[in-house]
Amino acid sequence: MAKCLYCAAVGETEEHVIPAAFGEFRSAPKLPIPLCPKCNNERLNHLDQQVSRCGPEGFMRESYGIKGRAHKTKVNPFARGSAGGSRLEFSTFDREVGVEVHLEVVDGVVTQMCELILVETSMGRAHHFPLSETTTADELRGAIARKNVPAPYDVRLSCHPHEQEWVEKLLREHSPGIVFSEPKLMSHIIKTPEVKFQLSERYFRGIAKIGFHYFLSQFQAYSGHHSMFSGIRSFISEDTNEPVRRVNDFIQHRNHPLVYQMLNDEARPDGWKAHILAAEVKPGLCQAHVQIFLTQENPNLIYTVKLAHDRSLVEQEVAAHAYRYFHDGKQGSFSGEASPLPAIRVDQAFPPATPAVSA
Ligand SMILES: [Zn+2]
């Protein structure tokens, strides 16, 4: 019976390195050390949720219409946050109604969110309340009360014609006697949309977890239980109240492409999408590199995760995989295929890395 990587309990599950929400990949490396159900389903699952829903990777996952391998209730990351993280704030200025409106991506298509917007009459400041078919009048009342919007204000509604019926029913329950004028429709012209991410420590710990698990999957001579990994293990598995900048002790932005062809600015992925993971041992140091979504739009968001400093490390070894999505959708349960990358150059890193979190 093997011990869980993160605690003293017995480990039971063999885990994939990349969170389930990004799909299943044929021939994907697995973490060789099991996890106990508690660590896997609670502590680490919170990290996966943030990586797959709260950051740029979550946004791209929605934009590309990626379906996960887990059968979970669908969460709309544009409507609400996950595991303590914030929702994806995706918005544009709507000239027709003169306010900022929120957007979402539904099956890869950008569309306006269904929301109630209260606009302060004096300052013109807009407050947004996302609506869904399961929203109750009490929930809406609570949400509005918490925002404490100063009266008087104008009320605007953004919804699609097919949503109008349940939205009007909800608003009638919320404020009986409400009269609907001709619906003031939003212009539905989406220009220069902007997306805001609020990345928390859990998001970065989720990135660190992917790097650590990939490293262990490739270099099985190194046991994850070894004391040189105790720092990264506790960073990944323990919630603390320390300042978020401690993330920088473990994670940096890598400003140099992992895949050699990307050194050439002209060589952009031509419609293909992949995740790139790399791990390396060099004298005194173990580290991993994580790039979730190397795509045409995103050639360069790469993290380097410092896993261990130890003077006994003398070898030099590198391993890398590309997890490439199939062009034409899923094949059975697989979204794509993982294959080793032989020619990766992780040793050269110029321009130098920068802190993941600015102080
Ligand atoms: Zn455990």
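Filtering region 1-32 to residues that are within 12 Å of the ligand (Cβ to nearest atom), in contact (Cβ under 8 Å) with a residue 24 or more places away in the chain and open to solvent by 20 Å² or more (accessible area, probe 1.4 Å) leaves 2, 3, 6, 7, 9, 10, 12, 13, 15. Within region 41-50, the set of residues being more than 10 Å from the ligand (Cβ to nearest atom) and either open to solvent by less than 20 Å² (accessible area, probe 1.4 Å) or of a type in the set (A, V, I, L, M, F, W, C) (or both) comprises 47, 50. Is region 19-37 home to any residue that is closer than 30 Å to residue 330 by Cα, among the aromatic types (Phe, Trp, Tyr) and out of contact with any Gly (no Cβ under 8 Å at 6 or more places or on another chain)? Taking every residue of region 19-37 in turn, none turns out to be closer than 30 Å to residue 330 by Cα, among the aromatic types (Phe, Trp, Tyr) and out of contact with any Gly (no Cβ under 8 Å at 6 or more places or on another chain). With respect to the conditions (1) within 16 Å of the ligand (Cβ to nearest atom); (2) crowded, with 20+ Cβ neighbours inside 10 Å, residue 87 lacks only one, and its number is (1).
For residue 38, the stated conditions hold: it is in contact (Cβ under 8 Å) with a residue 12 or more places away in the chain and within 9 Å of the ligand (Cβ to nearest atom).
Does residue 185 satisfy the criteria of being under 30 Å from the mean Cα position of the chain (by Cα), open to solvent by 40 Å² or more (accessible area, probe 1.4 Å) and modelled with pLDDT under 85? Against the criterion (under 30 Å from the mean Cα position of the chain (by Cα), open to solvent by 40 Å² or more (accessible area, probe 1.4 Å) and modelled with pLDDT under 85), residue 185 does not qualify. Taking the criterion of being of a type in the set (Phe, Trp, Tyr) and touching a Ser or Thr at 6+ places or on another chain (Cβ under 7 Å), the only residue of region 148-175 that qualifies is 153. Evaluate the following for residue 53: is it surrounded by fewer than 19 Cβ atoms within 10 Å (Cβ to Cβ) and among the charged types (D, E, K, R)? Here the answer is no, as residue 53 does not meet what is asked. Within region 112-151, if we keep just the residues that are part of a loop (DSSP other than H, G, I, E, B) and open to solvent by less than 40 Å² (accessible area, probe 1.4 Å), the residue that is nearest to residue 193 (Cα to Cα) turns out to be 113. Hey, among the residues in region 264-314 that are closer than 22 Å to residue 248 by Cβ and among the hydroxyl-bearing types (Ser, Thr, Tyr), which one's surrounded by the fewest Cβ atoms within 10 Å (Cβ to Cβ)? Result: 303. One residue stands out in region 226-263 among those that are surrounded by fewer than 21 Cβ atoms within 10 Å (Cβ to Cβ) and touching a strand residue (DSSP E or B) at 6+ places or on another chain (Cβ under 7 Å): the one that is farthest from residue 313 (Cα to Cα), namely 255. Restricting region 92-101 to residues that are open to solvent by 10 Å² or more (accessible area, probe 1.4 Å) and in contact with a His (Cβ under 9 Å, 6 or more places away or on another chain) leaves a set whose member that is nearest to residue 329 (Cα to Cα) is 100. Within region 139-168, residues that are aliphatic (A, V, I, L, M) have Cβ atoms under 8 Å from residues that are assigned to a helix (DSSP H, G or I) in these pairs: 140/170; 140/174; 157/167; 157/171, counting only partners at least 6 apart in sequence or on another chain.
The values are calculated or read from the model by the stated rules, or taken from the named source; none is laboratory data. Small disclaimer: the values here were computed from a predicted structure and weren't measured. No Cβ is skipped: glycine too gets one built from the backbone with ideal geometry, and neighbour counts run over all protein chains shown. Accessible surface is based on the protein model in full, side chains and every heavy atom, while ligands, DNA and RNA are left aside. Shrake-Rupley method; radii C 1.70, N 1.55, O 1.52, S 1.80 Å.
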